[in-house]
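What follows is a short report on a single structure.
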Amino acid sequence: MHTAELALSLLIVVIIGVSLLSNVLVLICFLYNAEIRKQVPGLFILNLTFCNLLLSASSMPLTLFGVLSKAHPGGQIFCQVVGFLDTFLTTNSMLSMAALSIDRWVAVVFPLSYHSRIRHRDAIIALVYTWVHSLSFSVVAAGLSWVGYHQLYASCTLCNGRAVNAKTQFAIYTMVLHSLTFLLVSVVLCFTYLKVLKVARFHCKRIDVITMQTLVLIVDIHPSVRQRYLEEQKRRRQRATRKISTFIGTFVVCFTPYVITRIVELFVTEPFNPYWGVLCKSLAYSKAACDPFVYSLLRHQYRKTCSDIINRLLKRSSPNGSGHQQVNGKIGRAKEIIKDGEVEARPTN
């Protein structure tokens, strides 16, 4: 086995392990915490977690098998089923990310009318659309025999037809698919999260002005206090920018190489380096491992839930008593928002 093949195999193994463990942990938090289940974004996160888990259990192991054995993983029908799932789950997860970004945009830009704009019924309608959208492209590809084993990616996924007309139709299908998934979701993410960043910076500036006016009133203020405040002010602005950059950056970095390779592949006759194809596919898979941390596990509510679960398993007393769990959860979320200098809180009843 070449060094490149060994490195790619280890990369896929790490992605599978991290993706399975982190997504299962998100699912456990969702089932354990009733407050998370009541929130509208929880439905989108549950759908995203469901897609990531299935992708980690179906497509990723077969890609690993393809890299190690350089052979067709399983029979033709089995590979077509996995290719169908690969298209469906990838498309569905992208649309779920777009739904999460729209939910956060409405919560930040229109906080007072959030509950009237985004309800559980609206979330269910959005999820139905993501499923119909994803199933439509997957069914078309399966019906026209455009799913199978692709040697470049060592995966059961979309592949070209042999006839000239089929190749033209497949090229049109591929362009439409990526335009209505990757390109559309990219535009939505950039629009919504940049709006969120604009509001966050506005509130950071307002907090800075009020605090500076307060400091001016204190005549006998030590220079070190002012210096610490200026450093905290800078960290608060950087924290908001870093979080928004993470939401957009992980999506672009993970999916862009794979999508561009897919499109360029339609118009060139020279074969690609097989290691490049597997690397692009692995980067796309890595989004399933990043999503639990980007959207869930690094947030206060999920960290608190994980802490409660660990305390319960170790039979230690939890700082959140049963009578104060809901109140303390809301207070914790408010503290995190104030600390981060962001405006991500949903209005509570």
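The values are calculated or read from the model by the stated rules, or taken from the named source; none is laboratory data. These numbers come from a predicted model, not from an experiment. Neighbour counts run over all protein chains shown; Cβ positions are idealised from the backbone, glycine included. Please note that ligands, DNA and RNA were not included when accessible areas were found on the heavy atoms of the full protein model with its side chains. Shrake-Rupley method; radii C 1.70, N 1.55, O 1.52, S 1.80 Å.
Placing a label point 7 Å from the Cα of residue 50 along the Cα-to-Cβ direction, none of the residues of the stretch 291-306 has a backbone N under 14 Å of that point.
Using a cut-off of 23 Å between Cα atoms, the listed pairs 198/243; 243/304; 38/304; 198/281; 281/304; 195/281 include 198/281; 281/304; 195/281 as exceeding that distance.
Of the residues 136, 186, the one with the largest accessible area comes first in the ranking 136, 186, computed with a 1.4 Å probe on protein heavy atoms. Sites listed here are trypsin sites (Lys or Arg not before Pro) in the stretch 13-106 whose DSSP assignment is loop and whose Cβ has at most 16 other Cβ atoms within 10 Å: 70. Annotation for the stretch 113-198: trypsin sites (Lys or Arg not before Pro) lying in DSSP loop with at most 13 further Cβ atoms inside 10 Å of their Cβ are 119, 162.
Here the calculated FRET efficiency for residue 253 and residue 122, from their Cβ-Cβ distance with R0 = 25 Å, stands at 0.25, rounded to the nearest 0.05. In percent, rounded to a whole number, the relative contact order of the stretch 1-303 is 26, using alpha-carbon pairs under 8 Å and six or more apart.
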